[in-house]
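Data block below; observations after.
The values are calculated or read from the model by the stated rules, or taken from the named source; none is laboratory data. This structure is a prediction, so every number in the text was calculated from the model and none was measured. Counting neighbours? That spans all protein chains shown, and the Cβs are built from the backbone with ideal geometry, glycine included.
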Ligand SMILES: NC(=O)c1ccc[n+]([C@@H]2O[C@H](COP(=O)([O-])OP(=O)(O)OC[C@H]3O[C@@H](n4cnc5c(N)ncnc54)[C@H](O)[C@@H]3O)[C@@H](O)[C@H]2O)c1
């Protein structure tokens, strides 16, 4: 098959595409924005940390492609509702949506407040739905298909020592991904989820007293966060899978969850 056929089946080639990446100020989202840009893709970097999002956008522009930053709290539906329109107005179109931003909630079922539950689900799930709806409407109008990648977690697959607010939000992303893949498939829009395991980022470190050191010990141990390789993931590990799911070569993959957890989930 020639590259033109590949591109036609798999959406727009990255050097001609525009992506929205949430959580782009840090960790997996930042690595994804820079990885997509290194393949020529223009990027709208969305994050609540507006200054750090702008730093990522500057790093993207330094690679010779267009980028904007959008400071937004994804827990606020009104702010979320403006993201797709602002991206299209600045960059002309949207071909890829990477829903990556997320917050961890470590509170147990017995202690969890309604406020913490709702905040976790607003950021980790409701924003995914709203951005998918907004981006898919634009992709359908453009008529070139598209790619949506939602970041879940190995926590969606574990039965112990995982907080209910976080685990339920990350599990619900899988149902949302499958339902959207079914609805958007006829429009040439592939929708997949990526489920990272323990990854060296602030979200994972912040809840641990010794940060990276604790996380490295956990993946090497026998506990619930251990993995088969005994190696902590770096942000680029999940980002590489996300980027693959945006390439023409993954054109026949949709409604799937791709595990990047060194075998922590089988
Ligand atoms: N690090 C891990 O071990 C791990 C494991 C599984 C899944 N994940 C998931 O990966 C995704 C990326 O996280 P990461 O590990 O790169 O962490 P990270 O802390 O490096 O990045 C998360 C980003 O999301 C942004 N964010 C948080 N709340 C926001 C809000 N309300 N509005 C807008 N932006 C907001 C943060 O500012 C930050 O830039 C998250 O969805 C997380 O749940 C991480």
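Hey, can you tell me all the residues within segment 179-197 that are more than 17 Å from residue 248 (Cβ to Cβ) and under 15 Å from the mean Cα position of the chain (by Cα)?
193, 194, 195, 196, 197
Of all the helices (runs of 4 or more DSSP H) wholly in segment 186-266, which have at least 2 residues that are under 17 Å from residue 150 (Cα atoms) and out of contact with any strand residue (DSSP E or B) (no Cβ under 7 Å at 6 or more places or on another chain)?
Answer list for segment 186-266: 235-244.
Can you name the condition, by its number, that residue 222 falls short on among (1) under 29 Å from residue 20 (Cβ atoms); (2) away from the ligand (no atom under 16 Å from the Cβ); (3) surrounded by fewer than 20 Cβ atoms within 10 Å (Cβ to Cβ)?
(1)
State yes or no: is residue 208 within 11 Å of the ligand (Cβ to nearest atom) and surrounded by fewer than 16 Cβ atoms within 10 Å (Cβ to Cβ)?
So residue 208 fits the description; yes.
Pairs please, first residue from segment 53-80 and in contact (Cβ under 8 Å) with a residue 12 or more places away in the chain and under 17 Å from residue 135 (Cβ atoms), second anywhere and in a loop (DSSP other than H, G, I, E, B) and within 15 Å of the ligand (Cβ to nearest atom), Cβ atoms under 8 Å, 6+ apart in sequence or on different chains.
72/48; 72/82; 74/48; 74/101; 80/72; 80/74
Name the residue, out of 84, 43, 88, that is more than 13 Å from the chain's Cα centre (by Cα), more than 15 Å from the ligand (Cβ to nearest atom) and at pLDDT 95 or above.
So the residue among 84, 43, 88 that is more than 13 Å from the chain's Cα centre (by Cα), more than 15 Å from the ligand (Cβ to nearest atom) and at pLDDT 95 or above is 88.
Being in contact (Cβ under 8 Å) with a residue 12 or more places away in the chain and away from the ligand (no atom under 11 Å from the Cβ) is the requirement here; does residue 138 meet it?
yes
Please find, among 63, 74, the residue that is in contact with a helix residue (DSSP H, G or I) (Cβ under 8 Å, 6 or more places away or on another chain), surrounded by 20 or more Cβ atoms within 10 Å (Cβ to Cβ) and at negative phi.
None of the other options fit; the residue is 74.
For residue 181, which of the numbered conditions (1) in contact with a strand residue (DSSP E or B) (Cβ under 8 Å, 6 or more places away or on another chain); (2) within 16 Å of the ligand (Cβ to nearest atom); (3) part of a helix (DSSP H, G or I) fails to hold?
Of everything listed in (1) in contact with a strand residue (DSSP E or B) (Cβ under 8 Å, 6 or more places away or on another chain); (2) within 16 Å of the ligand (Cβ to nearest atom); (3) part of a helix (DSSP H, G or I), residue 181 misses just condition (2).
Given (1) farther than 24 Å from residue 202 by Cα; (2) touching a strand residue (DSSP E or B) at 6+ places or on another chain (Cβ under 8 Å), identify the lone condition not met by residue 45.
Every condition holds for residue 45 apart from (1).
Please indicate, with yes or no, whether at least one residue in segment 146-157 is surrounded by fewer than 21 Cβ atoms within 10 Å (Cβ to Cβ) and within 16 Å of the ligand (Cβ to nearest atom).
Taking every residue of segment 146-157 in turn, at least one turns out to be surrounded by fewer than 21 Cβ atoms within 10 Å (Cβ to Cβ) and within 16 Å of the ligand (Cβ to nearest atom).
What is the one condition in (1) out of contact with any strand residue (DSSP E or B) (no Cβ under 8 Å at 6 or more places or on another chain); (2) within 30 Å of residue 108 (Cβ to Cβ) that residue 143 does not satisfy?
(2)
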